[in-house]
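Scroll down for the structure; my scribbles are underneath it.
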Amino acid sequence: MRDRLAALMRKEYRHILRDPGTLFTLLAVPLFLLVMFGYAISLDVNNIPLAVRDLDRSPESRALVASFLASGHFLPSPSPPDSRAEGRALDTGAAMAVLEIPDGFAAALARRETAPVQVLVDGSDGTRAATVMGYVDGMTMRFSTDLRRLASMRSGSPPASGPAMVLDVRPRVLFNQELKSVSFLVPGLVALILIITSVISTALSVVREKENGSMEQIIVSPVRPIELILGKTLPYAAIGLVAAALVLSASAILFGVTVKGSILALAAMTVLFVLACLALGIFISTLAETQQVAFLISAMLTLIPTFTLSGFVFPIRNMPPAIQAVTYLFPTKYYIEILRALLLKGAGFGTYWHQALALLVYAVVAAAAGAARFARSRRK
Amino acid sequence: MSRIRCMITKEFQQLRRDRRMRPILIIAPVMQILILGYAADTEVRDVPLAIYDQDSSQQSRALAQAFVSSRSFLVADRSSSFGEMEAAITGGHSEIGLVIPPSFGADLESGRGAQIQLLVDGTRSNTATVAMAYATATATSFARRLIASATTIGAAGPAVEARTRVWYNPDLKSRRFMIPGVFALLIMVFTVILTSLAIVKEKEIGTLEQLIVTPLARHELIIGKLAPFVIISLVIITLTLGASWLFFGIVPRGSLGLLYALSLALVLSTLGMGLLVSTISRNQQQAMMFSIFLFMFPMMILSGFVFPIENMPAPIRALTYLMPLRYYLIIIRGIFLKGSDLSVLWPQLLPLLGIGTAVIGISIARFHKQLD
Amino acid sequence: MASAIEVRDLCKSFGAFRAVDGISFSVPQGTVFGLLGANGAGKSTTIRMLCGLLAPSSGMARVAGCDIAKDPEGVKRSIGYMSQKFSLYEDLTVIENLRFFAGLYGLAPRRIETEAGEIMSLTGLAGREASLAAELSAGYRQRLALGCALLHSPRVLFLDEPTAGVDPAARRVFWDIIYRLADSGSTVLITTHYLDEAEYCGTVTLMHAGRIVAAGSPGQLKRERFPGRLVEVECDNPEAALAALKADPRIEEAALFGTRLHAAIAPGAGELIVEGILASRGVGLSRAESILPSLEDVFIRVISESEKEDRP
Ligand SMILES: Nc1ncnc2c1ncn2[C@@H]1O[C@H](COP(=O)(O)OP(=O)(O)OP(=O)(O)O)[C@@H](O)[C@H]1O
Ligand SMILES: [Mg+2]
């Protein structure tokens, strides 16, 4: 048994080594993605292009504009909108918000009336727009408070208390104190790498043998199904684990995202996840006759759900119940939750045993289904 | 010309035979738009909130009520100790904790100014930031109402008031923004993968050898191979358009004809990329790796699909100009949300066409009618 | 008569390895040219260069008047090619494959139908129009591949082991087709490992390790290589007999053919020396008979001589 398994694994390693392009991609691209996630990407709402139409042209109106730009959230939009079409900058996407200060702004302030300004916000991206509106509110409020305080100081009357003086809100961030998105994305990235190496590569390499007929040759040999499956899958799992370790160490070195929990637990959970992935890969390979189909099925069952249904980027609780139920069908969700608990919170097994159990069940069911279908196809 | 027709006929005959491929081509886009449409929602709402009210005064209950009635939060837990609250957050049952100290009511009454504490789970950093801002805003507006009712100076109202008007998506639905993006993503994924496989597959099976010895010219081979995918992508576009209308009631504000025409400009470049992949890879496995890693991932990340381009450092922002999806996302969101027409969209269309032509040119140049 | 194929000093290297190492030959129009050689001799590589599938490393060749390096597309218009590995679409039916290739060669739609019908009855595929290529047995796939290569009546036809896996009756049909094409002025270059088939070729060329080691008509080759006589020996201990014959200087060559031995006697020595040698070694002889050499004898002799040269 051991010899035959070794022979199969040697063969698979040769396939992999013969193909340095793929090997390189499997190891280098995750690092590239990590660096992108670390340095290039953030979901912060900053650098919002703001177009300004100042019709008042007073020192006060300029002060308001300056206070907007000084906040750090806004950047002056390169092309100020012409006065005829106020929304032109929004239409072309040159600006995401337009601040319009009407004529008479300074005069209204001088009369101690409430001076309205108009802000047009491009609501396309609702989430960002909501944050931008929050910024606008906050900034005009602060500007007002400052103005009023200044005015009362000049007139000598007692300062009115602003809301900030009445209620002091002290936030404390518990995990990921610096609120770096990379710490949040690393678990998803690790899961993604493992999915690609263990599910997709396995499914494809099995189907490839079916397609070019070499499966027939192996099946007529005394190799047992379990040996065949292990021999085909373990080499890819090994590559996946190496890539995952690479990403974890790189994110520790480059971004200081260290493992807060037990490394041993991390290793154990990762192996469990890889087992589930391999089982899924084998199962998919029994569904497909061509690599093209195998790839599309595995993309639909693993790659895309990893991005969308695992909580990697999009929060699961926003989804309607039916879709939330669907998320339980993909192993990545469990693994990402475990990774986050281990990496960022340093939580103990008590907090993630549900997920671990789910992975175990998943691995067993997928392996059984794959083995059953495989055995049936062998007899045919 | 008749040779091209011959190639196309053959491609469709093969597709008709591929019994597993056909349902995938039809079901997959619809399923994806359905799932992604529901899943790709970045709104920060219903953040599970734990409240630890140490005061239990009328004021503290009013503050808690302000959070309860806010759309952003969902009270998931009423803790009776710090430990309990921390456990709720560590276990993931709550993502934000509101701690109201024992003296809250008294402090407010006396005018000394009160304090509250927020415990935030920073794991999901982007939502955490937004949730923190929302929580602060909820508390501040509570304070503002308090001042307004208590003092007379406040009755004068603020000095400056922003009147905000939201365009295009007034109720700020994330879905309306994400679905056109998903739509773009689907077109890209399907066309890149299918074309990259199409030619490599013939290479792997050996049929390419037989094709090469015929008088079929290089451009005829390539056009013949690509044309069916143009048709398939039109089908995918139609299916996803139909599905997003049927399931989400989201229809483009702009012209449908323009949408199809500009989508073809994207398809031009994604087909080119698939072609390029198939000229550099030896087998299908390689082709898939290359198309996922070299084209799809960078495009997903650097096109502005979820991650805003403004936030990227300058050198990486420069890179985004190479992504056809970047231009197409602006186009498709423009047509869906803003009803944009060509007078607004041409600055996006030109680079899109440029990239498409360049990529196709490169891959035709690289594609030799030889086996080496 | 003009040469349909003209090859001069053609070489092909894969990295440091020379698969084809400076071969030259020419094939007159309307003849059948056999390319023979052991596995890995470079036959398929040669054909692939001549079809424009591989670019030659050096040397030149003209096929149907077109230079293969300068005008590979010109070559492609006038040739038909049947590759060694089945390379038609398994997921298309017989008739769809034929129609597809006919279309690629620019046959008019009406001609496509008549040609396809004719080809199918010629190759014995009639009645299997609607079968998928994948469902055909190996021999029928070969027939289909030949049919696809013939459809457009090419001026030059390259057949890389067309009869591998084809039953004897169908092989006869294949050769009938090949002769008919040659009679109508087409040129056929064919490789095969069936040496009885090679006898049908006007000219055969033997390749070994990328070089041509013998060329000529089958009769010519036999006369050149076996100027003396060839004796077929049946005996009770062929192994011992082989050793004995090989050791004798008057025997140029001895080889096993199944249970029999073929011994080439040096010119001038008598036919009876074989009996003498075996008797002196105590090997019981049941029959020794003078025979005409076959191409198989030639093949084995030439290859073993070249191998000796390669390892002096
Ligand atoms: N693409 C390639 N890369 C490297 N070596 C090659 C390649 N194609 C052929 N060869 C080598 O060139 C030599 C000649 O191969 P070729 O296929 O021409 O032999 P052949 O005479 O057709 O043999 P057979 O009778 O087995 O078909 C072989 O040693 C083979 O290994
Ligand atoms: Mg060969």
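The values are calculated or read from the model by the stated rules, or taken from the named source; none is laboratory data. Please read all numbers here as calculations on a predicted model, not as lab measurements. Please note: Cβ atoms are built from the backbone with ideal geometry, for glycine as well, and neighbour counts cover all protein chains shown. Areas reflect the complete protein model, heavy atoms only, side chains present, ligands, DNA and RNA absent. Shrake-Rupley method; radii C 1.70, N 1.55, O 1.52, S 1.80 Å.
Taking the criterion of being farther than 30 Å from residue A:314 by Cβ and surrounded by fewer than 21 Cβ atoms within 10 Å (Cβ to Cβ), would at least one residue in region A:26-45 satisfy it? Within region A:26-45, not a single residue is farther than 30 Å from residue A:314 by Cβ and surrounded by fewer than 21 Cβ atoms within 10 Å (Cβ to Cβ).
Every condition in (1) under 30 Å from residue B:219 (Cβ atoms); (2) more than 16 Å from ligand 2 (Cβ to nearest atom) holds for residue C:120 except the one numbered (1).
When region C:83-110 is examined, which residues are found to be modelled with pLDDT under 85 and within 16 Å of ligand 2 (Cβ to nearest atom)? Listed by number, the residues that qualify are C:86, C:87. Going through (1) assigned to a helix (DSSP H, G or I); (2) aromatic (Phe, Trp, Tyr); (3) touching a Gly at 6+ places or on another chain (Cβ under 9 Å); (4) open to solvent by less than 30 Å² (accessible area, probe 1.4 Å) one by one, residue A:334 falls short only on (3).
Here is a check on your reading of the model: is residue B:200 free of Cβ contacts under 8 Å to residues at least 40 places away in the same chain and either outside any helix (DSSP H, G or I) or assigned by TED's automatic domain parsing to the domain that holds residue B:267 (or both)? When the stated conditions are applied, residue B:200 does not pass them. Cβ-Cβ contacts under 8 Å between residues 6 or more apart (or on different chains), taken from a first residue in region A:316-330 that is facing chain B (nearest Cβ under 7 Å) to a second residue that is acidic (Asp, Glu) and open to solvent by 40 Å² or more (accessible area, probe 1.4 Å), are listed as A:317/B:46; A:318/B:46. Has region A:362-369 got at least one residue that is surrounded by fewer than 21 Cβ atoms within 10 Å (Cβ to Cβ), within 11 Å of chain B (Cβ to nearest Cβ) and out of contact with any Asp or Glu (no Cβ under 8 Å at 6 or more places or on another chain)? So far as region A:362-369 goes, no, none of its residues is surrounded by fewer than 21 Cβ atoms within 10 Å (Cβ to Cβ), within 11 Å of chain B (Cβ to nearest Cβ) and out of contact with any Asp or Glu (no Cβ under 8 Å at 6 or more places or on another chain). Quick check on region B:276-295: of everything there that is open to solvent by 30 Å² or more (accessible area, probe 1.4 Å) and in contact (Cβ under 8 Å) with a residue 60 or more places away in the chain, which residue is farthest from residue B:345 (Cα to Cα)? Taking the candidates together, the pick is B:282.
Scan region C:205-229 residue by residue and report those that are within 16 Å of ligand 2 (Cβ to nearest atom), open to solvent by less than 40 Å² (accessible area, probe 1.4 Å) and out of contact with any Asp or Glu (no Cβ under 6 Å at 6 or more places or on another chain). Result: C:205, C:206, C:207, C:208. Of the helices (runs of 4 or more DSSP H) entirely within region B:280-363, those holding at least 1 residues that are closer than 16 Å to residue B:187 by Cβ and in the same structural domain as residue B:200 (by TED's automatic domain parsing) occupy B:297-302, B:324-333.
Just checking, does region B:218-236 include any residue being free of Cβ contacts under 8 Å to residues at least 60 places away in the same chain and not in a helix (DSSP H, G or I)? So far as region B:218-236 goes, no, none of its residues is free of Cβ contacts under 8 Å to residues at least 60 places away in the same chain and not in a helix (DSSP H, G or I).
Summed over region C:178-228, residues that are polar (S, T, N, Q) and in contact with a Lys or Arg (Cβ under 9 Å, 6 or more places away or on another chain) total 3.
Does region C:87-96 contain at least one residue that is open to solvent by less than 30 Å² (accessible area, probe 1.4 Å), among the acidic types (Asp, Glu), out of contact with any His (no Cβ under 8 Å at 6 or more places or on another chain) and part of a helix (DSSP H, G or I)? Scanning region C:87-96 turns up at least one residue that is open to solvent by less than 30 Å² (accessible area, probe 1.4 Å), among the acidic types (Asp, Glu), out of contact with any His (no Cβ under 8 Å at 6 or more places or on another chain) and part of a helix (DSSP H, G or I).
Every condition in (1) at pLDDT below 80; (2) more than 7 Å from every other protein chain (Cβ to nearest Cβ); (3) in a strand (DSSP E or B) holds for residue A:169 except the one numbered (2). The selection criterion, being more than 10 Å from every other protein chain (Cβ to nearest Cβ), more than 16 Å from ligand 2 (Cβ to nearest atom) and open to solvent by 30 Å² or more (accessible area, probe 1.4 Å), holds for residue C:71. Being open to solvent by 10 Å² or more (accessible area, probe 1.4 Å) and within 16 Å of ligand 2 (Cβ to nearest atom) is not true of residue C:25. Checking the stated criteria, residue A:128 turns out not to satisfy the condition of being over 30 Å from residue B:289 (Cβ atoms), at pLDDT below 80 and within 10 Å of chain B (Cβ to nearest Cβ).
Results for (1) in contact (Cβ under 8 Å) with a residue 12 or more places away in the chain; (2) surrounded by fewer than 24 Cβ atoms within 10 Å (Cβ to Cβ), shown as yes or no for each residue.
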| residue | (1), (2) |
| --- | --- |
| B:297 | no, yes |
| B:313 | no, yes |
| B:325 | yes, no |
| B:351 | yes, yes |
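Selection over region C:49-76 of residues that are part of a helix (DSSP H, G or I) and in contact (Cβ under 8 Å) with a residue 12 or more places away in the chain gives a count of 6. If I ask for residues that are open to solvent by 60 Å² or more (accessible area, probe 1.4 Å), in contact (Cβ under 8 Å) with a residue 40 or more places away in the chain and touching an Asp or Glu at 6+ places or on another chain (Cβ under 9 Å), which ones from region B:53-94 would you list? Listed by number, the list holds a single entry, B:93.
Scanning region C:1-37 for residues that are in a strand (DSSP E or B) and more than 16 Å from ligand 1 (Cβ to nearest atom) yields C:3, C:4, C:5, C:6, C:8, C:9, C:24, C:26, C:27, C:28, C:32.
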